[in-house]
Amino acid sequence: MPTGAQAAAAYPVRPRLSPTTTSFSVTIILVLVFSSSLVAAQENASDALLKFKSSLANADPALANWGSSTSPCSGDHANWVGVLCFNGYVWGLQLENMNLKGQIDINSLVPLRFLRTLSFMNNNFEGVMPDWRKLGALKSLYLSNNQFSGQIPNDAFKGMNSLKKIYMANNKFTGAIPSSLESPKLIELRLENNQFTGSIPAISSENLKVLNVSNNQLEGPIPAALLKMDPSSFSGA
Ligand SMILES: *[C@@H]1O[C@H](CO)[C@@H](O)[C@H](O)[C@H]1NC(C)=O
Ligand SMILES: *[C@@H]1O[C@H](CO)[C@@H](O)[C@H](O)[C@H]1NC(C)=O
């Protein structure tokens, strides 16, 4: 009496590829091919940053070393000016005092999946603010001291629940302060020296340490939840 293994060896059964099995394998192969090309695309920080740079005006000389043969990050060390690196990944851009203007091409930054902080402070960016929601994992956003203007849609920060620090001071923003700024994790919100109108939103974050809405055209009472703030936060509001 042959054992099971011997029987299997004696009567090899070729697995038949049913149409379902075949299309299933094809699907798996396609998924593998697409996901590996996605990973490659996501990890090409050089590509993403060079595309981003090309949308800026006045990028050189400040960003002249971008695009050199090195990659932006070697471990925690940044090879490119203004890039913040962790473990070989770009986690931030700190492009301050560089006389930059032009467009901020958010789409080009989307592949940088570890991007958590962006600073464009002290530059000459103007016009309406870009749509940051495409970078939904941002923890901090520093835009102070530019010429951004116009109204900010009420849902501009909707779903950006990781935001802790938002600096938008010293711009030319108008209209209401967007209610989507009421992120539960917010620690610092700087909106001073703009042209915001309307009332001060009741930001309920327990973590809020700094709020500054002074020197705007706001009116109405200071929400009770914000009375603990330094009075200079509201001066000239
Ligand atoms: C990444 O992008 C750079 C610049 O666009 C390109 O030269 C390089 O071949 C790309 N690398 C990979 C692995 O795709
Ligand atoms: C708020 O901003 C105004 C104007 O820049 C400044 O005078 C004031 O000290 C600031 N207050 C706080 C609490 O940051």
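For the stretch 116-134, name all the residues that are of a type outside the set (A, V, I, L, M), within 26 Å of P184 (Cα to Cα) and open to solvent by 40 Å² or more (accessible area, probe 1.4 Å).
Kept after step one, since they are of a type outside the set (A, V, I, L, M), are these residues of the stretch 116-134: 116-117, 119-120, 122-127, 130-134.
Okay, now just the ones that are also within 26 Å of P184 (Cα to Cα), so 116-117, 119-120, 130-134.
R116, D131, R133, K134 - these are the residues of the stretch 116-134 that are of a type outside the set (A, V, I, L, M), within 26 Å of P184 (Cα to Cα) and open to solvent by 40 Å² or more (accessible area, probe 1.4 Å).
Every residue, every condition in (1) of a type outside the set (A, V, I, L, M, F, W, C); (2) modelled with pLDDT of 95 or more; (3) closer than 15 Å to S108 by Cβ, yes or no:
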{"position": "S25", "(1), (2), (3)": "yes, no, no"}
{"position": "S35", "(1), (2), (3)": "yes, no, no"}
{"position": "Q42", "(1), (2), (3)": "yes, no, yes"}
{"position": "L50", "(1), (2), (3)": "no, yes, yes"}
{"position": "S54", "(1), (2), (3)": "yes, yes, yes"}
{"position": "A62", "(1), (2), (3)": "no, yes, no"}
{"position": "G67", "(1), (2), (3)": "yes, no, yes"}
{"position": "P72", "(1), (2), (3)": "yes, yes, yes"}
{"position": "W91", "(1), (2), (3)": "no, yes, no"}
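So, of the residues in the stretch 65-97 that are free of Cβ contacts under 8 Å to residues at least 12 places away in the same chain and in a loop (DSSP other than H, G, I, E, B), which turns out to be farthest from ligand 2 (Cβ to nearest atom)?
S69
Looking at the stretch 190-237, which of the residues that are of a type in the set (D, E) and within 13 Å of ligand 2 (Cβ to nearest atom) is farthest from L143 (Cα to Cα)? Break it down stepwise before answering.
First, pick out the residues of the stretch 190-237 that are of a type in the set (D, E): 192, 206, 219, 230.
This time we only want the ones that are within 13 Å of ligand 2 (Cβ to nearest atom), so: 192, 230.
Details: E192: 12, D230: 22 Å.
Looking at residues that are of a type in the set (D, E) and within 13 Å of ligand 2 (Cβ to nearest atom), I get D230.
Show the residue pairs that are 6+ apart or on different chains and have beta-carbon atoms under 7 Å apart, the first residue being within the stretch 220-237 and in contact (Cβ under 8 Å) with a residue 24 or more places away in the chain and assigned to a loop (DSSP other than H, G, I, E, B), the second being open to solvent by 60 Å² or more (accessible area, probe 1.4 Å) and within 14 Å of ligand 2 (Cβ to nearest atom).
F234/I222
Mind telling me which of the residues S149, S55, S144 ends up being of a type in the set (S, T, N, Q), touching an Asp or Glu at 6+ places or on another chain (Cβ under 7 Å) and closer than 25 Å to E182 by Cβ?
So the residue among S149, S55, S144 that is of a type in the set (S, T, N, Q), touching an Asp or Glu at 6+ places or on another chain (Cβ under 7 Å) and closer than 25 Å to E182 by Cβ is S149.
Here is a list: S144, S162. Which entry is within 16 Å of ligand 2 (Cβ to nearest atom), part of a loop (DSSP other than H, G, I, E, B) and under 21 Å from L208 (Cα atoms)?
Details: S162 fails: within 16 Å of ligand 2 (Cβ to nearest atom).
Answer to the check: S144.
Answer yes or no as to whether S108 is in contact (Cβ under 8 Å) with a residue 40 or more places away in the chain and under 18 Å from S54 (Cα atoms).
yes
Pick from A156, A137, A169: which is open to solvent by 30 Å² or more (accessible area, probe 1.4 Å), at pLDDT 95 or above and on the phi < 0 side of the Ramachandran plot?
A137
Name the residue, out of L189, L208, that is assigned to a loop (DSSP other than H, G, I, E, B) and under 21 Å from the mean Cα position of the chain (by Cα).
Result of the check over L189, L208: L208.
The values are calculated or read from the model by the stated rules, or taken from the named source; none is laboratory data. Source: prediction; values computed, not measured. Virtual Cβ from ideal backbone geometry, glycine too; neighbours counted across all protein chains shown. Protein only, heavy atoms only, side chains kept; ligands, DNA and RNA dropped before computing areas. Shrake-Rupley method; radii C 1.70, N 1.55, O 1.52, S 1.80 Å.
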